Amino acid sequence: MQLEQLIDSLCFGVRDQLTSLALKEKKRESVDRKTVLAQVDTALETLETTVAELDTILGPSAAPGGPANASLEEVTRRLREEAEIARRVQARLRSQETENPAADIADSPGVENQ
């Protein structure tokens, strides 16, 4: 679990670094591009090393053609699909809450119907 959280943090950190770099360059602000890209490169190397070590310890994480062997485009497509599913679920939950908020309260544990 801790390893998963560290990897998530690493990925989000890379995203934040690249987003910040892009915004600063778009605004024509002074930015040390070389330093930022070196940090991103180090993060990628760390991720690759971690994956290689885990594969050595645990064995390959997926059969040929599985997520571990998917192209960047395929992984991106799959993540976008998952994000779209999550967005639809959240929208459905919000619409259900606004349609009948009293029913949600009455159905809650510890609340008696009167």
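Take the residues in region 28-67 that are among the small types (Gly, Ala, Ser) and within 15 Å of Ile7 (Cα to Cα), then tell me which one is modelled with the lowest pLDDT.
Ala52
For the subset of region 68-114 comprising residues that are part of a helix (DSSP H, G or I), of a type outside the set (Asp, Glu) and modelled with pLDDT under 70, which member is surrounded by the fewest Cβ atoms within 10 Å (Cβ to Cβ)?
The residue in question is Ala102.
The values are calculated or read from the model by the stated rules, or taken from the named source; none is laboratory data. It should be emphasised that the depicted structure is a prediction, and the values quoted were computed from it without experimental measurement. Cβ atoms come from the backbone with ideal geometry, glycine included; neighbour counts cover every protein chain shown.
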